[in-house]
Structures are given as structure tokens and as C-alpha cells.
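The block underneath contains the structure these notes are about, expressed in C-alpha cells.
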Amino acid sequence: MKYVWFVLFGLAALLILLLLIAVLRTLLMPRKKSDYKPKPDEARALAYAEKLSRMIRCETVSGPDDPQTEKFRSFHRLLEELFPLVHQQLEKTEIDGNLLFYWKGKSHEHPILLMSHQDVVPAEGKWLHEPLSGDIAGGKVWGRGAADTKCSVMAFFQAVEELLQTGYVPAEDVYLASSCTEEWAGDGAPKLVNELKRRGVRLFLVCDEGGGIISEPIGGIHGNYAMIGVFEKGKADVKFTASGNGGHASAPPRHSPIAQLAEFVHDVEAHSPFRRKFLPEVASMFSTLAPYAGFGLRLVLGNLWLFAPLLKIVLPMISAQAGAMLQTTIAFTMQSGSDACNVLPQEASVWANMRFIPHQGEQESLQIMERLAQKHHLSMQVLSSGDYSKAVDIHGAAFRQVEQAIQLCFPGLASSPYVMTGATDAHFYQDICDSCIRFAPVIYGPEQMKGMHGLNENIEFDCLPGAVDFYKTLIRLQENARH
């Protein structure tokens, strides 16, 4: 018995010592403040807002059943009007509504590609400003595509337009790309990649949308932060089906198909089958953000060596977005049964969307769900699936170049690697580029995040000059790649 108490006392003493070390490390951690705000530049901001407004007014909704390529050619004619030098001096290639521009540089060794998509999702519901109005009001540009992502399309076209006005010749080749199928994971970006492969192009850097300048990326960490997406989780659409004998609802049997599905969904959501882990990119994000937090959060985020087990449990309860960076996720999104209230279905199904994390990728995650489906006597059908993307080297030259451009263009803005839980066109470029970075250089506050794919999408136009300057700087920094 004495031995047990001795062990417990020793463990308690060790825990207290570790806590004291963590507290001391936190007290010695320099406090930081991310105080970046756009500099007032009203004339430029309004001029860019007018261009973005016109781009919003040109409707570019597309979908797998009706891509409507011709409407994108109308959008292309507008781009030609807004950015004449780009169209006069760069080599343009259009493939089924998808755009690729080539700007010849002094060298072809380290080409970069700037990209964002033209297409937008449909706009439904009642808006404060009509979705295709492009209204400029209250310091914002309103409408579908304002934030996702005609703002960045405008910004990199404008950046090249202004560089051309000065007679600038890039040190390395520059490509501009914009697909019209991103919102439904269509074949637009693959067609552009195939064209680049045909030309034998190997890219040094791809800069797409995905991350951005996010206001309060984690609750309790205030200010704006450049969240640089370094890889995407994989994804799959999966269907689970339960079968029965059907019949009249007046005499229901036990474990009807819908009851089986309900038990299955509850089991998965109440007892997540996926393992949580702090990937190096996620750990780097938390350690980067820790100095900007209050003491309690700084203590936890800045000492993952001690608090990681606790955070794995607590973080998903605090933030669904942050929790999704730790594990594979599954979300049940659709369901079907019988066609009448008083008829038992012979077959019922639920559909789910899965997002795969590197430490439990596509194959392992699908096998886990297959075993769970069998446990509940369900069949499982994988409708579509793709694994996670390769992570960008956060210590590599391309990532450092993006960080340097951020530091030069947004003084006082902290930057951090970021895990994309959504999907972008960038993952199609992995075959021809090792550094596919997801970062749109515009500010996304809570209102902008809520508006993307939702109601009242908008962007604050005072951040547009910084976005244009970022792309100009990123191009100019290619001069360093030659040395």
C-alpha cells in the first residue's frame, strides 16, 4: 500500500513540475499582437471595387448538368475590357471556358502560376443587396462571387496590368489560370493542367484561393492573420443502405431500415471512429498563434508537448473547424426512405461526405466505415473518392517566398500554415508542382466567411489594394529565385 501511495505521490509531483515548466515557458514567451489593418487608399480601393462590381454583375453560375460555357465567354470579354494590356501582351489560351495566360519571363526555370476560379454557386434566399447587383455600399462590394473568388481574380489580373503599364518584364515565366468548374469539382482545372503538361511546364509555385487573411482564426485570438493553406484533406461521397421487407406502417417490425440507419448514424456521431493527431502543420499553426493569445490559451497552445492529449478532446467541442484539422471527418448530408408516411420502406439510405486526414487517409478511413456499416448490417457504396493532397514544405523556398510577400505587403500581419478542410482546384496541379499554396490575399472577417455560399456575400473593398500589391510583390520576388 505504501508503494502505491509513493507512486501516486511521485506522479503528482511530476505533474506539478511539468505544469510549472509550462507556466514558466508561457511567462517567458514574448507577447505579440497582430495589428495589421489596411492603409487608407480610397482612390485605388474604389477603382478596384468598380472593376470587381462589374465582374459580379456578369453571372457565372455553372454546374455539372449545365456548364453553360458561353456565359463564361461573356465574362472573358469583360475581362478583356477591364484588363486590356494583359490580353494584348500575354498569350491567352481558352479551353471550354477555362482560361490560361502565359507571360514570358527572362528565365523559364522557376515559373509561377496565380489562379482562382471564375464560377460561383447559385444565390438563393432574400439578400440585403441583390446577388448580381455588385452594389458598392457601406465600404463593401456586395454580390455572389465578391469573396469567393472574383476578388482574387480581379486582384491578380490588375497586378499584372499595372506591372505591364510600367514595362516590367518578369524574371521568371508567369502563368494566370482560372477555371469555370471549381465549385462542382469539374474538369476545368485538369484540362488546364493537361495543357501545361503538354508544354512541358514544371511550376515552382502555385498560389490559389483557400486560406486568406482571417479575422480571429481561433476564438480568443483577436486580429487579422494570414492563414496559408499548405494541403487539402481528401474527400469522398458515400452511400449507406439498409434493406427490409417493407409493409404497412400499422404493424412496424423491429430494426426497420430507417431504424438501422438511425442507430448507425448515432453510433458514428457519438463515438467517432477516427483517430485525432496533431500533424506538424497543425502544431506549427498553434505554436505560431500562441503568442497572440491571452494567458490561458497561450499556456495550452504554446505547450502542446504537455496539453496535446487534452486538446485532442476539447478542441472539437470548441471549434468544428479546428477539430476537423485533427482527424478524418464524416458528415451525413442526405437521406431517403419510402414515398408515403404509412409505408415501411424496403430500402432506405443515407449519404455522407467524408474528409480524409493524412494520418488516416482514404483507404484506411473507408475501411473503417465499411466495418461499421457491416456491424449495422448496411451496404456501403463509394460514389466518388480522392485522397488528401501532398503537404507543402513549410521550410521550403516557395513557402518562404509567400511569407516574404505577406510581410512586405501587410506590415504587422502574422502568418501561419493552415490545413484546408475544404477543396480547391489547386490539388489538380500537384502533378506539375510541389508547392501548391492556398492563400487569397484579402480579409475574411466573420461576415465574409458566413456569406460565402450563403446570403449577403460581400468583401470590404479597402483590402483590395493590398491584394493587388501582394500579387505584384510575389511576381517581383521571383527575381530572387534566379540567384
* To do: Evaluate the Debye formula for the stretch 314-440 with equal point scatterers sitting on the alpha carbons, no solvent, and hand back log10 of I(q)/I(0) at q = 0.13, 0.15, 0.19 Å⁻¹, in q order, two decimals.
  => -0.74, -0.90, -1.19
* Backbone HN-Hα couplings from phi across the stretch 432-440 [Karplus 6.51/-1.76/1.60, Hz, Gly and Pro as x] -> 10, 7, 8, 10, 8, 9, 10, 7, 9
* Which value in nm describes the separation of the simple spin-label points at VAL382 and ASP35, placed 7 Å from the Cα toward the beta carbon? -> 5.2
* Structure fact -> Counting only DSSP beta bridges with both partners in the chain, the antiparallel fraction in percent, to the nearest 5, comes to 65
* Asked: Once phi is turned into ³J(HN,Hα) by the Karplus curve 6.51 cos²θ - 1.76 cosθ + 1.60 with θ = phi - 60°, what whole-Hz value does each residue of the stretch 380-388 show in order, with x for glycine and proline?
  -> 10, 10, 8, 7, 7, 7, x, 7, 5
* So which helices of the chain fit the span-like rule, where a helix is a whole DSSP H run, its Cα atoms reach 27 Å or more along the axis, and its mean Kyte-Doolittle is at least -1.0? -> 2-28
* Where only protein heavy atoms count, and the probe is 1.4 Å, what is the accessible area per residue for the chain in Å²? -> 46
* Per residue, how much space in cubic angstrom lies within the convex hull of the C-alpha atoms of the stretch 169-242? -> 187
* To do: Kindly give the semi-axes, whole Å and largest first, of the ellipsoid equivalent to the stretch 17-71, taking each as the square root of 5 times a Cα gyration tensor eigenvalue.
  => 50, 24, 5
* Test item: Cα-centred dipole of the stretch 186-310, Lys/Arg +1 and Asp/Glu -1 on Cβ, debye -> 440
* Asked: Based on the alpha carbon coordinates of the stretch 44-177, what radius of gyration and maximum Cα-Cα distance (Dmax) apply, in Å?
  -> 15.6, 51
* **Potential extension, LEU78-ARG202 segment - 0.36 nm per residue separation minus Cα distance** => 41.6 nm
* Determine the distance separating the Cα centre of the stretch 123-191 from the Cα centre of the stretch 31-47; give it in Å without decimals. => 20
* Asked: Given q = 0.18, 0.20, 0.21, 0.22 Å⁻¹, what are the Debye log10 I(q)/I(0) values for the stretch 90-146, with equal point scatterers placed on the Cα positions and solvent ignored?
  -> -0.79, -0.84, -0.88, -0.91
* Computed from the mean reciprocal separation of all distinct C-alpha pairs, what Kirkwood hydrodynamic radius does the stretch 205-290 have, in Å? -> 17.9
* **Given charges at Cβ of Lys, Arg, Asp, Glu: the chain dipole, positive-most of GLN118, VAL468, HIS87** => VAL468
* Structure fact -> Residue-normalised 222 nm signal for the chain, counting each DSSP H run of n ≥ 4 as -39,500 (n - 2.57), nearest 500 deg cm²/dmol, is -12500 deg cm²/dmol
* For the stretch 131-284, count all C-alpha to C-alpha pairs, find those more than 21 Å apart, and express that count as a whole percent of the total. => 72
* Asked: Among 40-52, 18-30, 213-225, what's the highest-first ranking by average C-beta atoms within 10 angstrom per residue?
  -> 213-225, 40-52, 18-30
* Calculated on alpha-carbon atoms, Rg and Dmax of the chain in Å -> 25.2, 87
* **About the Cα centre, charge dipole magnitude for the stretch 16-76 (Lys/Arg +1, Asp/Glu -1 at Cβ), debye** => 560
* Rounded percent of accessible protein surface that carbon and sulfur make up, the stretch 364-483, 1.4 Å probe -> 49
* To do: Treating only the Cβ atoms of Lys and Arg (+1) and Asp and Glu (-1) as charged, compute the dipole magnitude of the chain about its Cα centre; round to the nearest 20 debye.
  => 1740
* To do: Based on a Kirkwood Rh over C-alpha pairs, give the Stokes-Einstein translational diffusion coefficient of the stretch 1-111 at 20 °C and viscosity 1.002 mPa s in µm²/s.
  => 102
* Structure fact -> Expressed as a whole-number percentage, the relative contact order of the stretch 172-313 with C-alpha contacts under 8 angstrom and at least six residues apart is 14
* the stretch 236-384: relative contact order as a whole-number percent, Cα under 8 Å and 6+ apart -> 45
* the chain: relative contact order in percent, alpha carbon pairs under 8 Å with at least 6 residues between -> 26
* **Cα lying deepest toward the dipole's positive end in the chain, options TYR418, PHE264, PHE9, charges on Cβ** => PHE9
* For the stretch 405-453 and the stretch 301-319, write down the distance between their C-alpha centroids in whole Å. => 24
* Positive-end extreme of charge dipole, the chain - chosen from SER287, ILE443, GLY323 (charges on Cβ) -> SER287
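The values are calculated or read from the model by the stated rules, or taken from the named source; none is laboratory data. Everything numeric here is computed off the predicted structure, so don't read it as measured data. Positions of Cβ are generated from backbone atoms using ideal geometry, with glycine treated the same way; all protein chains shown enter the neighbour counts. Keep in mind that these areas ignore ligands, DNA and RNA; they rest on the heavy atoms of the full protein, side chains included. Shrake-Rupley method; radii C 1.70, N 1.55, O 1.52, S 1.80 Å.
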